[in-house]
Amino acid sequence: MRLNIVALVVLAILTTSTASVVAAERPNVIVFIADDVSWNDYGCYGNTAARTPHIDALAAGGIRFDRAYLTASSCSPSRSSIITGRYPHNNGQGAELHKPISGHIPWFPELLRESGYYTALSGKHHMTSTAQRPVPFDDVSGGKTKDNSGGHANWLSVTQERPKDKPFFFWFAAYDAHRGWDADKQWDASQYGPMHNPEDVVVPPFLIDDEQTRSDLASYYNEVTRFDHYIGQTINELKSQGVYENTLLLVLADNGRPFPRSKTRLHDSGMKTALVAHWPKGIRQVGPSNSLVSVIDLAPTILSAADCNIPATMQGVSMTPLFEDASATIRQYAFSEHNWHDYEAHGRSVRHGDYLLLKNFRTDQPWQGPADSVRSPSHASLLAKQGTNSLNAAQQDVFLAPRPAIEIYNITDDPHQLQNLADTAAVASIQAELTQVLDRWMDETGDSVPLKIRPDTFDRTTGKPLPAAERDETGAITPGEDRHADKINASGPR
């Protein structure tokens, strides 16, 4: 009897010891997600004015993805897509801003939690479910204090106070750089350095290069730098705890900068994201990667790295082969959506090789950007120039209506997508091919173009809310709702 007890004790010790080793080998994971930051507003992506030394260092020691794309350039649909590994229209009502994800769809943090991870969200949440379900995070905090409303005020304490006997996953979500520029009012030069000089900012060709636009961009850069600072603070804490080497760090944003022709756009200025992956123990080949990736690939990547099963609901594909060989190919196509965000809209796009093809199903209205952008000083400058008929073609595109039903761009030759090549002989074959691929993706994933979708809720010129009487949503449905797309797991072409 005594021998049996001893044997059981020894077995228990060995089992516990083995479990501890396995837990120690599983990587910790942190997703740092910015709010409304374009891909080319980081130093490591070529911006000469925005200061992002900590993100730049992660890129230098990890992988900088140069062809990473969002599925939506809109806050909650983008975040919901990332956390489920599904396209926006396959998340049910979550295809549109402020709408919930269908309740039966798993979120990857809850799968990590079920497998033994400690999970925490600090900062901007903006993801909801139609069902009463267990919260996928052990800890949720808004990440705001009296002197810091940027969403990152608790990142350090969450990292310090975590249980030390479990691997951890943190969703660290800043409010930077959402308007209205609270970093300016809360600036601490001892932490962040000097504010950005308006004379130094990079003005894209679709904005007016004047004093108020430059000042607007400088304030935006301040938010980007503050986001970078708290990433650096978290990194220092990871190093002090001795867990930095086995922590997978991912840095990205939910959509492009909150300026005209960026946020909500299907073009790169809205839909392309900076994506940096850093994991000393897990990434074998560091440096830039030109491999095409979609943010729906992040969920299966994280689950794969954590040795968790990837559920059938996830339409993305794991990026872990790129950790071994940054030049590997995991997908041929990246698809994106433009659904309701303050204004009625329905557009779809596909990226492949050097080309971007867009289809617009609401051509009668402009793609001027969300209401907060319409209320911005930068938009006001465009309006003033429009009144004098002195906008160039790139700037006039903000107000263009009707818009083309088809747009196609060579994104290598035309990085700002200013020259629409649709229906030209030079791209006839690629246009036909990508149109067919996009139509196939819409069909296989259950996408649809409803007769009625949510109407405008803001004035397109002033950005002010429209009276309730002018916002009749009766009979409106979300894309894919009529085809029960939230029950469809097919990924379409990849």
(message) Out of LEU292, LEU266, I need the residue that is surrounded by 24 or more Cβ atoms within 10 Å (Cβ to Cβ) and closer than 21 Å to TYR87 by Cβ. Which one?
(response) LEU266
(request) Identify all residues within segment 477-494 that are among the aliphatic types (A, V, I, L, M) and either out of contact with any helix residue (DSSP H, G or I) (no Cβ under 8 Å at 6 or more places or on another chain) or buried (at least 21 other Cβ atoms within 10 Å of the Cβ) (or both); write none if there are none. (result) ILE477, ALA485
(message) Please verify whether ASP456 is within 30 Å of LEU383 (Cβ to Cβ) and in contact (Cβ under 8 Å) with a residue 12 or more places away in the chain, treating the condition exactly as stated.
(response) yes
(request) Go through segment 155-197 and tell me which helices (runs of 4 or more DSSP H), entirely inside it, have 1 or more residues that are without any contact (Cβ under 8 Å) to a residue 60 or more places away in the chain and within 15 Å of VAL224 (Cβ to Cβ). (result) 182-185, 189-192
(request) Filter segment 129-143 down to residues that are assigned to a loop (DSSP other than H, G, I, E, B) and over 20 Å from the mean Cα position of the chain (by Cα) and give me whichever is surrounded by the fewest Cβ atoms within 10 Å (Cβ to Cβ). (result) GLN132
(request) Consider THR320 carefully, then state whether it is in the same structural domain as TYR220 (by TED's automatic domain parsing) and either out of contact with any His (no Cβ under 8 Å at 6 or more places or on another chain) or buried (at least 18 other Cβ atoms within 10 Å of the Cβ) (or both). (result) yes
(request) Filter segment 57-79 for residues that are assigned to a loop (DSSP other than H, G, I, E, B) and closer than 19 Å to SER349 by Cβ and give the result. (result) ASP66, ARG67, LEU70, THR71, SER73, SER74
(request) List the number of the failed condition for LEU3; all other conditions in (1) farther than 23 Å from ILE231 by Cα; (2) at pLDDT 95 or above; (3) out of contact with any strand residue (DSSP E or B) (no Cβ under 7 Å at 6 or more places or on another chain) hold. (result) (2)
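The values are calculated or read from the model by the stated rules, or taken from the named source; none is laboratory data. These numbers were taken from a predicted model, which means no experiment stands behind them. All Cβ positions, glycine included, derive from the backbone under ideal geometry; neighbour counts span all protein chains shown.
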